[in-house]
Amino acid sequence: MQLLMRRPETDGFITVSPPTNAYDFSFLAPCPASGLILHGGADSIVPAADVEKVVSKLRTQKGIVIDYEVVEGGSHFWMDNLPELETRVGAYLDKRLAAQPA
């Protein structure tokens, strides 16, 4: 995520199970790009409330869109939900790529 701040040519990001309870994500304000944040509904390592605080803060910024999805049953390491994770990441990539001009 810090690389996102250092590389202005980055068009977007996808983050999975961000450790918002262990690291300070305030460096993302202002966030330079839109992105997707995926969190497992059964994540016992990072509480959903901590991720939601970061999402709320990022969503207040103009000009970017933060998609936030909670995958029910998904753990922090996604052991039993990798197909669901792959589907959601693929759908987001398809959406973003379709929106870019050729």
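The values are calculated or read from the model by the stated rules, or taken from the named source; none is laboratory data. Quick caveat: nothing in here was measured; it's all calculated off a predicted structure. Virtual Cβ from ideal backbone geometry, glycine too; neighbours counted across all protein chains shown. Note: accessible area is taken over every heavy atom of the protein model, side chains too, but ligands, DNA and RNA are not part of it. Shrake-Rupley method; radii C 1.70, N 1.55, O 1.52, S 1.80 Å.
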If you rank D43, D24 by how much accessible surface each has, with a 1.4 Å probe, what is the order from largest down? D24, D43
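Using +1 on the beta carbon of Lys and Arg, -1 on that of Asp and Glu, and nothing else charged, what's the dipole of the chain about the Cα centre, debye to 20? Walk me through the numbers before you get to the answer.
Values: 9 positive and 13 negative charges, 107 e Å.
Charge dipole, the chain, about its Cα centre: 520 debye, nearest 20.
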Positive-pole candidate from F13, A91, S26, dipole of the chain, charges at beta carbon: S26
Which loop-located GluC sites (Glu not before Pro) does the range 1-73 contain, where loop means any DSSP state but H, G, I, E or B and the Cβ has at most 11 other Cβ atoms within 10 Å? E9, E72
Once phi for every residue in the range 29-37 is put through the Karplus expression 6.51 cos²θ - 1.76 cosθ + 1.60 (θ = phi - 60°), the whole-Hz ³J(HN,Hα) values, with Gly and Pro written as x, are 9, x, 7, x, 8, 6, x, 10, 10
When N is the residue count of the chain, what does its C-alpha Rg come to as a fraction of 2.2 N^0.38 Å? 1.07
If amide hydrogens are placed 1.01 Å from N in the peptide plane, which non-local residues have theirs closer than 5 Å to the one on Y68? I37
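Sorted by packing (mean other beta-carbon atoms within 10 Å per residue), highest first, where do 74-81, 60-67 land? Mind showing how you got there, number by number?
Details: 74-81: 15.9, 60-67: 13.1.
Highest-to-lowest ranking by the protection proxy: 74-81, 60-67.
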